[in-house]
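Values in this text are rule-based calculations from the coordinates and carry no lab data. What you see is a predicted model; the values in this text were computed from it and never measured. So basically every Cβ, Gly included, is an ideal-geometry build from the backbone, and we count neighbours across all protein chains shown.
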Amino acid sequence: MIQTFNMEELLAYFYVFTRLGGVMMLLPGFGEFYIPMRIRLLTAVVMSLAITPVVAGTLPATTLVGAETVYFLVREIAIGFALGAIGRILLNALQISANLIAYQTSLSSATIFNPAMGTQDSPFAPYLIMGATALIFVTNTHYQIIDVFIKSYDAFPPTGGFPFGDFKDMMVRIVSHSFSLGVRLAFPFLIAGLIVNFSGGLLGRLVPQIQVFFVLMPAQVLLGLICVMICVTTIMSVFVQDFFNLYQDLPRG
């Protein structure tokens, strides 16, 4: 039996593709700078074919050309960008942690290319971000993101108005949570740096003839690298668990 598609079915797939395409542009793992556009496009098309039958009942029946369709497409793309931006903003918590760690280990002036951002960054940021991105897929957390995308059609139905207020409150909460998480992940390094700097300042007052901070810098770098080796697994596990919990609680507001 030959399967045929009418125009309404094709539009339904296209509507889901518009929201999913916005998610893929920013989603960790797929929206990275180094991921080819063809891979993101193919992934969005395949996932649209799988998800559309699940959410077909919530999609509107509109014509191909018209003001209503244009408004609907713009709205779906904006919702997709917002859903993808949640993971991207939370992933930036590791960049905050990496910058704080670099400051405490006297490596803030050293930079390295960050493929996730496409720019120069602190030496710890690329490893933390790429490690967390890999763990998101290894722990199957990306399935939770797909589940949230499907539930977003209940939270933000395609036939409703644009949820400016909901997105504003959500983004404020996510940005504040990301900054708080980044500081908490780097908190052991802040404590260690405070102790080292306080000890160096006290020693400098006791022995002013010695350039204490110049002498302590190699030891501070070595101590920071040792702390990174000890704490990196904990940082990764705490971040992935927080990432999973955030997307799990997102449909419930």
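Using a 10 Å Cβ count of at most 14 others and DSSP loop calls, identify the longest part of the chain lacking such chymotrypsin sites (Phe, Trp or Tyr not before Pro). The answer is 35-253. In segment 116-197, which trypsin sites (Lys or Arg not before Pro) are in a loop and have at most 11 other Cβ atoms within 10 Å, using DSSP for the loop call? Hits after loop and neighbour filter: nothing returned. Considering helices alone, the calculated mean residue ellipticity of the chain at 222 nm is -26000 deg cm²/dmol, with DSSP H runs of length four and up weighted by -39500 (n - 2.57) and normalised per residue.
Dimensions of the chain based on its C-alpha atoms, expressed as ranges along the principal axes with the largest first, amount to 87, 36, 29 Å. By the combined test of axial Cα extent (at least 20 Å) and Kyte-Doolittle hydropathy (mean at least 0.0), the qualifying DSSP H helices of the chain come to 7-26, 37-55, 67-104, 141-155, 164-185, 187-206, 212-249. Residues with beta-carbon under 13 Å from that of I129, excluding I129: net charge, scoring Lys, Arg +1 and Asp, Glu -1? With Lys, Arg at +1 and Asp, Glu at -1, the neighbours total -1.
Could you work out how much longer the chain between N197 and R173 gets when fully extended? Use 0.36 nm per residue separation minus the Cα distance between them, nm to one decimal. It would help to have the intermediate numbers written out before the result.
Numbers: separation 24, 0.36 × 24 = 8.64 nm, distance 3.36 nm.
Gain in length upon complete extension: 5.3 nm.
Simple point charges give the picture: +1 on the Cβ of Lys and Arg, -1 on the Cβ of Asp and Glu, and for segment 7-252 a dipole about the Cα centre of about 580 debye. Each Lys or Arg adds one and each Asp or Glu takes one away; over the other residues whose Cβ falls under 15 Å from the Cβ of F162, this sums to -1.
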